[in-house]
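Taking it in order: structure first as structure tokens, then the write-up.
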Amino acid sequence: MRQIESERRRWFGRWDNTLDTTTTGPFWLNEPRIAELIANSLHFLVGLKYELDSFCIMSNHVHTVFTPLQKDHGNYHALPSIMHSLKRYTALEANRLLSRNGDFWQEESFDHVVRNGEELQRIRHYVLNNPVKAGLVQKWQDWPWTYAKNM
């Protein structure tokens with residue numbers, strides 16, 4: 001099981017590096033009004049569906065760390081439902097702002113359940129430092145589209 005997890009993380013790292021270094025494809029999130037829409041949407045659901053820990057909006061992808069909230073009788077807001085809500089709203093609004101139609105987000109998303117505090121710190125560091133790793137800024141705090149609740 002440990003080897004599977006290690007390989008999954010290695011695969012994710014390679015994919016994320018490809019996203020950070022690609023020179024083709026849509027870069028709609030580079031536009032401040034679109035990045036702001038995404039950031040505001042992530043904050044909007046705080047306290048309603050999840051607690052937001054951190055996020056980073058890059059030119060062609062978003063990383064976010066959140067904890068789903070309990071909704072009723074011990075059930076929690078489901079990750080697919082949260083992602084659908086975020087993607088649907090932001091796709092409609094971004095397409096409107098860009099005067100375009102069609103797909104905005106990829107259908108899938110890469111999700112991962114955080115098992116302990118050490119793993120949370122590792123993932124938080126990874127998310128926040130994505131623009132540093134991509135060579136866009138020296139410190140994550142200098143990237144305008146990062147957020148960290150307790151940093």
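Assorted remarks:
- A Förster radius of 25 Å, combined with the Cβ-Cβ distance separating Asn129 from Gln3, puts the computed FRET efficiency at roughly 0.45.
- HN-Hα J in Hz across the range 131-147 - Karplus 6.51, -1.76, 1.60, θ = phi - 60°, x for Gly and Pro: x, 5, 4, 7, x, 8, 8, 7, 10, 4, 5, 7, 7, x, 10, 10, 9
- Direction-averaged projected area, Cα convex hull, the range 30-131: 6.9 nm², rounded to one decimal.
- Figure legend: label point modelled 7 angstrom from the Cα of Arg100 along Cα→Cβ; residues of the range 49-82 with amide N under 14 Å from it are 59-61.
- Amide H contacts of Tyr76 (H built 1.01 Å from N, in plane; Pro and chain starts excluded): Lys71 sit under 5 Å, all sequence-distant by 5 or more or on other chains.
- Distances between placed amide hydrogens fall under 5 Å for Phe66 paired with Asp53, all partners being 5 or more residues away or on another chain.
- When you restrict to C-alpha pairs under 8 Å that are six or more residues apart and normalise by the size of the range 14-151, the relative contact order lands at 27 percent.
Every number in this text was worked out from the coordinates using simple rules, so none of it is lab data. All values reported here derive from a predicted model rather than from experimental measurement. Cβ coordinates were reconstructed from backbone atoms using ideal geometry, including for glycine residues, and neighbour counts include every protein chain displayed.
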